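Student: Have a look at the structure that comes next, please.
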Amino acid sequence: MSADTSHGNSPQAVALEHQLGAEHEHPTWSVYWKVATILTLITVVEVWCYYLPGFVATAFFVPTLLVLSAAKFVIVVMFYMHLKYDHKLFRALFTGPLILAMIAITALLFLFGKLAIRTGLLT
Amino acid sequence: MATTALSAIPSSDVGHGYTTTGLPHRKVAIWAFIGSECMLFASLISTYLIYKGRSVRGPFPHEPWTDPSTGHVYKAILNIPVTSCSTFVLLMSSLAMVLALAAVENRDKPKVTLGDRILGSSRLWLFMTAVLGATFLGFQAFEFTSFVHEGLSIRTNLFGSSFFTLTGFHGAHVTAGVIWLLTMLAIDFKRGLGPKDALNVDIMALYWHFVDVVWIAIFTLVYLIK
């Protein structure tokens, strides 16, 4: 089957090959359940961190939450949205604007004084 | 050979459904749409973060506030236990959504055991996704109502304006997703969804998961970070 389709140069033939490939590579049900368990555990850890006053007061609180949140984000995108298994054009269509959005948020936070770089060189 | 390849693609898609890259154009479109939605939510999130902590008067998200004119004490407005539950509900709806997609893709495969039949029921998982999405909206309605009763509306302060705008936009997206899910469920009941419909369900699933990942960001940035 794949040999047949690989010789077809029409967009439809390439599409079929892609479609078949994607079907074979999609995760199994057990992977979906494991991913859900991991997402739940990360959420529990996030909320647990929130209720630890000693930890909230430290400089590690915000970075920890951001890392955990980013991990959940990546897991959902890679496994539930199948970006790990799909065509790289889809990856580009999503990560391009996402990176642009993150740069825009960071730039705005600097612009409005919510973030600052303190090097000791500026007075 | 090419005839074999063409015959396997739904006739409605031949000549119209695929781009020159060989990828279904509707799927390319939904990813492009999701990319543009990233920018929309980035603007809303950045607005919230810029205004965070700049409200002149309360109520505030994480700390109590006493109104100097009346002496009334407003407690911290955010209810983390309730929002944690709604976050869990939305995460589980994403699980139900992928199971619905897998069920549609594998409709033609034989189902021997009861477990196979349950996992292979697209109606069950589409229904579960819609119910969980509606439950999330119920949590949000409860949260909004209790905030208004506690003295925080969209006009109260900067926090209220940016909070209700951000979470309201997200809620509107969830509402659209639930309507989409119910429509797909109705089609499934009417004529059954099979592998030929997998692309339609996949597109809906991508939208639903995107709504989920946006909430992952909102939950951390708005609710957990003090």
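None of the figures in this text is laboratory data; all of them are computed from the coordinates on show. The structure presented is a predicted model; accordingly, all values stated were derived computationally and were not measured. Counting neighbours? That spans all protein chains shown, and the Cβs are built from the backbone with ideal geometry, glycine included.
Student: Within 10 Å of each Cβ of B:218-226, how many other protein chain Cβ atoms are there on average?
Tutor: Mean partner shielding for this stretch: 6.
Student: If one computes the Cα centroid of region A:34-72 and of region B:76-102, what distance in Å separates the two points?
Tutor: The distance from the Cα centre of region A:34-72 to that of region B:76-102 comes to 16 Å.
Student: OK, next. Counting partner chain Cβ atoms within 10 Å of every residue's Cβ in A:72-83, what's the average?
Tutor: 6
Student: Here's a follow-up. Any lysines with Cα under 21 Å of the A:Lys84 Cα? List them, leaving off those in the same chain fewer than 8 positions away.
Tutor: A:Lys34, A:Lys72, B:Lys27
Student: Right, another one. For region B:20-35 and region B:182-226, compute the distance between their C-alpha centroids and round to whole Å.
Tutor: 16
Student: With θ set to phi - 60°, apply the Karplus curve 6.51 cos²θ - 1.76 cosθ + 1.60 along region A:48-60 and write out the HN-Hα couplings as whole Hz, x wherever there is a Gly or Pro.
Tutor: 4, 4, 4, 9, 10, x, x, 6, 4, 6, 7, 6, 8
Student: Taking every residue in B:104-111, how many Cβ atoms of other protein chains lie within 10 Å of its Cβ, on average?
Tutor: Counting other chains' Cβ atoms within 10 Å and averaging over B:104-111 gives 1.
Student: Relative to the longest principal axis of the C-alpha atoms of chain B, give the angle of the C-alpha long axis of helix B:80-105, reported between 0 and 90° and rounded to the nearest 10°.
Tutor: In chain B, helix B:80-105 runs at an angle near 10 degrees to the longest axis.
Student: Here's something else I'd like to know. Amide H neighbours of B:Tyr74 under 5 Å, counting only residues 5+ apart in sequence or on other chains, H built in-plane at 1.01 Å?
Tutor: When sequence neighbours closer than 5 places are left aside, the close amide H contacts are B:Trp65, B:Thr66, B:Asp67.
Student: Okay, moving on. Applying the Karplus parametrisation 6.51 cos²θ - 1.76 cosθ + 1.60 with θ = phi - 60° to the phi angles of region A:110-119, what ³J(HN,Hα) value in whole Hz is obtained for each residue in order, glycine and proline being reported as x?
Tutor: 5, 4, 9, x, 7, 10, 8, 9, 9, 9
Student: Give the relative contact order (percent, whole number) for chain B; include only Cα pairs under 8 Å separated by 6+ residues.
Tutor: 26
Student: How about region B:115-186: which trypsin sites (Lys or Arg not before Pro) there lie in a loop by DSSP and see at most 16 other Cβ atoms within 10 Å?
Tutor: Here the sparse-neighbourhood loop sites are B:Arg155.
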